[in-house]
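A short write-up of the structure that comes next.
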Amino acid sequence: GAEVVINGSSSPAVVDRSNESIKHNIQPASAKWRHNQTLSLRIRKQILKFLDAEKDISVLKGTLKPGDIIHYIFDRDSTMNVSQNLYDLLPRTSPLKNKHFRTCAIVGNSGVLLNSGCGQEIDTHSFVIRCNLAPVQEYARDVGLKTDLVTMNPSVIQRAFEDLVNATWREKLLQRLHSLNGSILWIPAFMARGGKERVEWVNELILKHRVNVRTAYPSLRLLHAVRGYWLTNKVHIKRPTTGLLMYTLATRFCNQIFLYGFWPFPLDQNQNPVKYHYYDSLKYGYTSQASPHTMPLEFKALKSLHEQGALKLTVGQCD
Ligand code: CTP
């Protein structure tokens, strides 16, 4: 079949840290966009050659046992032991087994969501994915409330919950986890050694307080597989962001995919300032050198897929 053109250029990407928003003019919400079913199916098939979301979304109980040694994906020399708690929280079957949804929303964390009024629209989707335990209650009008899957990089525990230094922060995290109410909590536990204790704290909290969440811990091969898929399509990402990981996984079980809160630029299309996250005071520089993400590059690829009808990006207000 014909190739999907995601990135026209074949040269290695150079990260342009200037504001690129002008170049990324996206039509207001519903104007002109049409879903391209044929293309979506072709992308699903291509991605399936690299990974299978149903399997790679989580390591299963049958494949590990307590005491097993795992090498961190980004710190190959560092290892962790599979703890009893982690083992207890591994799912027996994939939380996505045989799942199919008509429409899915993937909600990124860009400040572009503020004053978007997209909450209601987001909540109408059959499956809603959110990133890094981003708060919803206080922002419901713009981001909605429905959450079927939420990711949690271990660094969130440090950044948003003060490393659980005291009872107040532990309680805060516990409340957030309780509010998930049976949804999937997706924890990349095997990526980097820095998250070791934080993952253990969260696991312990969930078990101790019988929190009603379905935990999932992405497979060891997921990251490389996702990167492989995008590299094959000439998108030269270093390490896929959570948002891109979620899109790549979602192609497997979602017919139509809608992205909100993806806007890695400090100015919007009208040159107004945009916060890096809709809910905290992290700044843009944060992603530049220290973090290996190449968000603007990913954005370019997603925008191209938007233009071809494979997904729909909303970067302005919802109707
Ligand atoms: N995102 C975006 N524009 C922003 C902020 C976030 O497009 N200004 C998207 C990215 O795809 C990102 C996702 O929203 O992955 C979730 O945001 P965040 O929690 O910041 O994601 P991480 O990639 O996990 O960031 P980090 O590695 O710093 O934890």
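The values are calculated or read from the model by the stated rules, or taken from the named source; none is laboratory data. Because the structure is a prediction, the values reported are computed rather than measured. Here Cβ is always computed from backbone atoms with ideal geometry, including for glycine, and neighbour counts include all displayed protein chains. Surface areas here come from the heavy atoms of the whole protein model, side chains and all, with no ligands, DNA or RNA. Shrake-Rupley method; radii C 1.70, N 1.55, O 1.52, S 1.80 Å.
Observations on the structure shown:
- Across the range 78-127, the number of residues qualifying as touching a helix residue (DSSP H, G or I) at 6+ places or on another chain (Cβ under 7 Å), farther than 21 Å from Gly182 by Cβ and within 16 Å of the ligand (Cβ to nearest atom) comes to 6.
- Listing of helices (runs of 4 or more DSSP H) fully contained in the range 136-222 that carry 3 or more residues being closer than 26 Å to Asp77 by Cα and open to solvent by 60 Å² or more (accessible area, probe 1.4 Å): 196-208
- Of the listed requirements (1) away from the ligand (no atom under 13 Å from the Cβ); (2) out of contact with any His (no Cβ under 9 Å at 6 or more places or on another chain); (3) at pLDDT 95 or above, Asn270 misses just one: (3).
- Candidates are the residues of the range 274-298 that are buried (at least 19 other Cβ atoms within 10 Å of the Cβ), within 10 Å of the ligand (Cβ to nearest atom) and part of a helix (DSSP H, G or I); the one that is modelled with the lowest pLDDT is Thr287.
- Being in contact (Cβ under 8 Å) with a residue 24 or more places away in the chain, within 11 Å of the ligand (Cβ to nearest atom) and open to solvent by less than 20 Å² (accessible area, probe 1.4 Å) holds for only one residue in Gly261, Gly309, and it is Gly261.
- When Phe253 is tested against the conditions (1) touching a Cys at 6+ places or on another chain (Cβ under 7 Å); (2) away from the ligand (no atom under 15 Å from the Cβ), the lone failure is (1).
- Positions within the range 31-82 being in contact (Cβ under 8 Å) with a residue 60 or more places away in the chain, of a type outside the set (Gly, Ala, Ser), under 19 Å from Asn203 (Cβ atoms) and not in a strand (DSSP E or B), in sequence order: Ile57, Val59, Tyr72, Ile73
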